[in-house]
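Before any comments, here is the structure.
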Amino acid sequence: MAFLPDEARSLPPPPLVNRGSFVLGLTGWLAALLDNCFNQRPVIRAGVHRQVLLTTVGWFVGYFLTKRTEYIHAKLDRELFEYVRQHPEDFKTAGT
């Protein structure tokens with residue numbers, strides 16, 4: 001994949017049903033409904049194939065954006081933990 005480096009493969013995949021997928025899937029479905037409304041077609045009954053297509057596209061875009069977000073957060077965590085490990089004098093615990 002172009003926007004994820006190979007080291008992202010070591011992370012566990014996000015769940016298939018996640019907030020990003022749900023929100024973008026819903027956005028795709030609402031975009032299809034708005035297209036029907038603007039073109040004066042029956043909102044729910046017309047273009048069901050477009051509704052399914054845009055919902056599916058939104059769902060998978062949301063999934064891959066969630067995957068990228070998790071990779072970025074894991075990378076930041078790794079860098080921060082490495083910094084803390086290399087500089088223990090800056091991060092003393094309250095009990096010591």
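The values are calculated or read from the model by the stated rules, or taken from the named source; none is laboratory data. Keep in mind it's a predicted model, so treat the numbers as computed, not measured. Here the Cβ is made from the backbone with ideal geometry for all residues, glycine too, and neighbour counts use every protein chain on show. Surface accessibility is based on the protein's heavy atoms, side chains included, excluding ligands, DNA and RNA. Shrake-Rupley method; radii C 1.70, N 1.55, O 1.52, S 1.80 Å.
Structure notes:
- Near pairs, Cβ below 7 angstrom, 6+ apart or cross-chain, from segment 42-61 (farther than 15 Å from Leu26 by Cβ and touching a residue at least 24 places away in the same chain (Cβ under 8 Å)) to any residue that is part of a helix (DSSP H, G or I) and among the acidic types (Asp, Glu): none
- Residues of segment 17-70 satisfying the condition of being over 8 Å from the mean Cα position of the chain (by Cα) and among the basic types (Lys, Arg): Arg41, Arg45, Arg50
- Candidate set: segment 42-61, residues that are open to solvent by 80 Å² or more (accessible area, probe 1.4 Å) and at pLDDT 95 or above; chosen: the one farthest from Ser21 (Cα to Cα): His49
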